[in-house]
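The values are calculated or read from the model by the stated rules, or taken from the named source; none is laboratory data. All values reported here derive from a predicted model rather than from experimental measurement. Neighbour counts are summed over all protein chains in view; Cβ atoms, including those assigned to glycine, are modelled from backbone coordinates with ideal geometry. When the accessible area is computed, the model is the full protein with side chains, heavy atoms only, and any ligands, DNA or RNA have been set aside. Shrake-Rupley method; radii C 1.70, N 1.55, O 1.52, S 1.80 Å.
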Amino acid sequence: PLDDPDQEAFRILRQNMLYLTEAGNSRTMLVTSPMAEEGKSTVAAFLAVATAESGMRTLLVECDLRRPVLANRFGLKESPGLTDYLTGKAAPPQILQPVNGVVSHPSGNGAPASGGQQGPPNLVCIVSGTPVPGPVELLASERFHSFLHEVAEVYDAVILDTAPLLPVADTLAIVPDVSTLLVCARLVTRGAVE
């Protein structure tokens, strides 16, 4: 498993995110960042693991259609996925993948985190799927909005790993349909000037 401080950090994050979601609203959480390489996919993945470990039926959806990483991190098939469903090439049962294998290290280097972590049985992932041109049009489509509404009724928590906010418009198409937004930002410190 993750080291104890890391596990506890994601449990705290899970509780804070659930607290922010008003009672009765769907628990659809969007995880993004201003730019790439700020840890949003790592946070989304381990937030999903922590949420599932609490006993909630959890769906992790990879909505970053430009730089997908979740199939590699969780040892899942790269397709079919979200794009295949949205373009009518796959049915819902074909894109749902249970996460029951070893969760890769947060860096995504393929090495198991602290000897390997078994995925909770109530965690399901939908990877991005077959690459497509113009991902923002798919994410802004009525089919995607209907998909979000449907999965929010089936799962206790839906966590969306989305594209960075500043370089592309993909995530902005999704924001109105979620109950909670988490923005990850990398802290940069400057060294002492000699």
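Candidates are the residues of region 149-172 that are open to solvent by less than 30 Å² (accessible area, probe 1.4 Å) and within 20 Å of E38 (Cβ to Cβ); the one that is farthest from the chain's Cα centre (by Cα) is D170.
Of all the listed residues (T32, T28), the sole one being modelled with pLDDT of 80 or more, over 21 Å from V188 (Cβ atoms) and touching a helix residue (DSSP H, G or I) at 6+ places or on another chain (Cβ under 6 Å) is T28. State which residue is surrounded by the fewest Cβ atoms within 10 Å (Cβ to Cβ) when the search covers only region 93-111 and only residues that are at pLDDT 90 or above and more than 23 Å from R66 (Cβ to Cβ). So, considering only residues that are at pLDDT 90 or above and more than 23 Å from R66 (Cβ to Cβ), the one surrounded by the fewest Cβ atoms within 10 Å (Cβ to Cβ) is P93. Anything in region 51-73 that is assigned to a helix (DSSP H, G or I) and in contact with a strand residue (DSSP E or B) (Cβ under 6 Å, 6 or more places away or on another chain)? List them, or say none. Across region 51-73, the qualifying residues are T51, A52, L70, R73. Just one of (1) modelled with pLDDT of 50 or more; (2) surrounded by fewer than 16 Cβ atoms within 10 Å (Cβ to Cβ); (3) closer than 18 Å to A50 by Cβ trips up S114, so point out which. The failed condition is (1).
Table: residues versus (1) modelled with pLDDT under 95; (2) charged (D, E, K, R).
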{"residue": "P133", "(1), (2)": "yes, no"}
{"residue": "F144", "(1), (2)": "no, no"}
{"residue": "E153", "(1), (2)": "yes, yes"}
{"residue": "A157", "(1), (2)": "yes, no"}
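Of all residue pairs spaced 6 or more apart or on separate chains, those with beta-carbon atoms under 6 Å, a first member in region 26-43 that is in contact (Cβ under 8 Å) with a residue 60 or more places away in the chain and a second member that is buried (at least 23 other Cβ atoms within 10 Å of the Cβ) and of a type in the set (D, E, K, R) are V31/K40; V31/D161; T32/K40; S33/K40; S41/D161. Inspect region 135-148 for any residue being among the hydroxyl-bearing types (S, T, Y), part of a loop (DSSP other than H, G, I, E, B), open to solvent by less than 40 Å² (accessible area, probe 1.4 Å) and more than 16 Å from I95 (Cα to Cα) and give the result as yes or no. Among the residues of region 135-148, at least one is among the hydroxyl-bearing types (S, T, Y), part of a loop (DSSP other than H, G, I, E, B), open to solvent by less than 40 Å² (accessible area, probe 1.4 Å) and more than 16 Å from I95 (Cα to Cα), which makes the answer yes.
Are there any pairs with C-beta distances below 7 angstrom linking a residue in region 55-71 that is more than 14 Å from G81 (Cα to Cα) to a residue that is assigned to a loop (DSSP other than H, G, I, E, B) and among the acidic types (D, E), with the two at least 6 apart or on different chains, and if so which? Close Cβ pairs (under 7 Å, with a partner that is assigned to a loop (DSSP other than H, G, I, E, B) and among the acidic types (D, E)) amount to M56/D156; R57/D156; T58/D156. When L76 is tested against the conditions (1) modelled with pLDDT under 90; (2) out of contact with any Gly (no Cβ under 6 Å at 6 or more places or on another chain); (3) assigned to a loop (DSSP other than H, G, I, E, B), the lone failure is (1).
Within region 49-82, the set of residues being farther than 14 Å from L123 by Cβ and surrounded by 24 or more Cβ atoms within 10 Å (Cβ to Cβ) comprises C63, D64, L65, G81, L82.
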